[in-house]
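Asks: Quick one: the structure is below, questions incoming.
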Amino acid sequence: MSSTIPQGTPPPSSCDLAIVGGGIVGLAVARELIQRNPQASVCVLERERDIGTHQTGHNSGVIHAGVYYVPGSLKARLCVEGAREMYEYCEQRGIASERCGKVIVATDASELDRLDELERRGRANGVPGLRRIDAAGIEELEPHARGIAGLHSPETGIADFPGVAHAYAQDILEAGAALSTSCEVLGVDVDGRSLRLSHSHGTTTAGHAVFCAGAWADRLAVAAGADPDPRIVPFRGAYLRLVPQRRELVRSLIYPVPDPSLPFLGVHLTRHIDGDVLIGPTALMAGARDAYQLTTVRRRDLLETLGWPGTWRMLMKWWSTGVTELRHAALRSAFVRAAARYVPELQVADVQPAFAGVRAQALARDGRLVDDFVFSHTERALHVRNAPSPAATSSLAIARHVADEAHRAFGLDT
Ligand SMILES: Cc1cc2nc3c(=O)[nH]c(=O)nc-3n(C[C@H](O)[C@H](O)[C@H](O)COP(=O)(O)OP(=O)(O)OC[C@H]3O[C@@H](n4cnc5c(N)ncnc54)[C@H](O)[C@@H]3O)c2cc1C
């Protein structure tokens, strides 16, 4: 879907509701708030020239079904609801999506207990159609994959998330809201009756604001008076792609059995909605919150990462995992070998570099990698403090949750 977003519309000097961040979450939140408050004046402020250019535009493109998440967590509930709504929305709006299904593959007996636990979680979360499969079942679904046991999730699929973000933006504009790109919010002041957002075009005074700033979420939350815990630490995730003539090695989505303590790690093989087959991502702590190039380092980002006690606590706990990830990032052969564990025919000659994304990882002061979605509020403002994967899948359900929180905290809603 091509962009029809007017570039550089000046931000209003005042509005009832301001949403900071034009990624898939901020746009979904703006859309939901407008639907619930049709009389309110709403604006979205996005610092880049276009919407959806950070995590929304650099990810695996998978509609997760909700297998992994701890039952009762926000992720579990919002992912299962959000996946259903995402398919419906894509269908209504003519956005490319496909229920291609996924297999989670155990390659040795040591992984079977974790596979059992995933199955238990998936059933508790109400993941539709989840079933246990054996080695033959894996081969039937993915003829080039090998494993001793697996889980098949037929409702996991793929979608064009940047297309979804643009469709949300169209909904917002059609409802009469303002969407200002190239508008970086630099400061937040609260005076009891309103919030003053200073940005690259001047100021916007808003009755209330919702901050959905992805990798910059902690910075804006602190500017609005929130606790600095958790801090966002950026992790760069690079992908390889299969050369076109070897794409037949992967039919849909092949995933490893994750370590429950580090569920986002593990090289997976995913068919992208445009036909590409991606392998990755790696997970390497980065020197900038927009480190799409390995060499991008920003002084402030680096100092904030290194100055956070949680960073050092995390590094002490996970240093050996860090070394493995470093090897995957540095040596294509090691990266391919990790993927060949699931698709043994895969060779270095079958791949070429693709793109990289930067994951906004919330890290607690005590070194804990915050797993669940986190929302908090300060005076007149709500903050999406942690919206990692599967937040793209869950965006419509997250938006509903945020609007409910806004109602509870500020009485917003008509
Ligand atoms: C490598 C990778 C793979 C992933 N795979 C999947 C997947 O397969 N499925 C899935 O569901 N999820 C996946 N995710 C997660 C998903 O991409 C994110 O959870 C989701 O995109 C978060 O959306 P967002 O709007 O919160 O953040 P973003 O898309 O990062 O948007 C935040 C926006 O805020 C803007 N902003 C920041 N600061 C300011 C400021 N001061 N003023 C104005 N604007 C500001 C930014 O420019 C940006 O546009 C993946 C993520 C990564 C990194």
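The values are calculated or read from the model by the stated rules, or taken from the named source; none is laboratory data. Computed from a predicted model, the values in this text were never measured in an experiment. Positions of Cβ are generated from backbone atoms using ideal geometry, with glycine treated the same way; all protein chains shown enter the neighbour counts. Side chains are part of the model used for accessible areas, which takes the heavy atoms of the whole protein and leaves out ligands, DNA and RNA. Shrake-Rupley method; radii C 1.70, N 1.55, O 1.52, S 1.80 Å.
Asks: Could you figure out which of (1) away from the ligand (no atom under 13 Å from the Cβ); (2) more than 30 Å from V343 (Cα to Cα); (3) touching a Phe, Trp or Tyr at 6+ places or on another chain (Cβ under 6 Å) isn't true of A28?
Replies: Only one criterion in (1) away from the ligand (no atom under 13 Å from the Cβ); (2) more than 30 Å from V343 (Cα to Cα); (3) touching a Phe, Trp or Tyr at 6+ places or on another chain (Cβ under 6 Å) is unmet by A28, namely (1).
Asks: Follow-up question, since we're still on this one. Can you name the condition, by its number, that R114 falls short on among (1) under 21 Å from V62 (Cβ atoms); (2) not in a helix (DSSP H, G or I)?
Replies: With (1) under 21 Å from V62 (Cβ atoms); (2) not in a helix (DSSP H, G or I) applied to R114, the lone miss is (2).
Asks: Please state which one of D227, D191, D218 is open to solvent by 50 Å² or more (accessible area, probe 1.4 Å) and modelled with pLDDT of 95 or more.
Replies: D227
Asks: Being in contact with a Gly (Cβ under 9 Å, 6 or more places away or on another chain), under 22 Å from V70 (Cβ atoms) and of a type in the set (D, E, K, R) narrows it down to one of R123, R131, so name that one.
Replies: R131
Asks: For the list (1) closer than 30 Å to R219 by Cα; (2) open to solvent by 50 Å² or more (accessible area, probe 1.4 Å); (3) of a type in the set (V, I, T); (4) at pLDDT 95 or above, I need the number of the one condition that T305 fails.
Replies: Condition (2) is where T305 drops out.
Quick grid of which residues meet (1) under 30 Å from L284 (Cβ atoms); (2) in contact with a Pro (Cβ under 6 Å, 6 or more places away or on another chain); (3) more than 10 Å from the ligand (Cβ to nearest atom); (4) of a type in the set (S, T, N, Q):
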residue: A167; (1), (2), (3), (4): no, no, yes, no
residue: D191; (1), (2), (3), (4): no, no, yes, no
residue: G207; (1), (2), (3), (4): no, no, yes, no
residue: G214; (1), (2), (3), (4): yes, no, no, no
residue: L220; (1), (2), (3), (4): yes, no, no, no
residue: P230; (1), (2), (3), (4): yes, no, yes, no
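Asks: Can you tell which of L265, L195, L278 is more than 22 Å from A291 (Cβ to Cβ) and in contact (Cβ under 8 Å) with a residue 12 or more places away in the chain?
Replies: Criteria check complete, one pass: L195.
Asks: Just to be sure I understand, how many residues within segment 44-68 are more than 15 Å from H166 (Cβ to Cβ), in contact with a strand residue (DSSP E or B) (Cβ under 7 Å, 6 or more places away or on another chain) and among the small types (G, A, S)?
Replies: Looking only at that region, the number is 2.
Asks: In segment 62-107, what residues are surrounded by fewer than 23 Cβ atoms within 10 Å (Cβ to Cβ), part of a loop (DSSP other than H, G, I, E, B) and within 13 Å of the ligand (Cβ to nearest atom)?
Replies: Hit for segment 62-107 is C100, nothing else.
Asks: Continuing with this model, one more query. Go through segment 177-188 and count every residue that is touching a residue at least 40 places away in the same chain (Cβ under 8 Å), open to solvent by 20 Å² or more (accessible area, probe 1.4 Å), in contact with a strand residue (DSSP E or B) (Cβ under 9 Å, 6 or more places away or on another chain) and not charged (D, E, K, R).
Replies: 1
Asks: Also, quick follow-up: Return the residue satisfying two criteria in turn: it lies in segment 337-388 and is of a type in the set (V, I, T) and within 24 Å of the chain's Cα centre (by Cα), and of such residues it is nearest to G225 (Cα to Cα).
Replies: T378
Asks: Oh, and also: If you scan segment 389-414, which residues turn out to be surrounded by fewer than 24 Cβ atoms within 10 Å (Cβ to Cβ), in a loop (DSSP other than H, G, I, E, B) and either within 13 Å of the ligand (Cβ to nearest atom) or modelled with pLDDT of 95 or more (or both)?
Replies: Residue satisfying the conditions is S389 alone.
Asks: Taking only segment 320-359 into account, find how many residues are outside any helix (DSSP H, G or I) and open to solvent by less than 20 Å² (accessible area, probe 1.4 Å).
Replies: Selection size over segment 320-359: 7.
Asks: Let me ask something else. Looking at segment 22-41, which of the residues that are open to solvent by 10 Å² or more (accessible area, probe 1.4 Å) and touching a helix residue (DSSP H, G or I) at 6+ places or on another chain (Cβ under 7 Å) is nearest to H407 (Cα to Cα)?
Replies: R36
Asks: Turning to a different aspect of this structure: Residue by residue through segment 339-361, note down the ones that are of a type in the set (A, V, I, L, M, F, W, C), under 18 Å from V277 (Cα atoms) and within 16 Å of the ligand (Cβ to nearest atom).
Replies: Passing the criteria: A339, A354, F355, A356.
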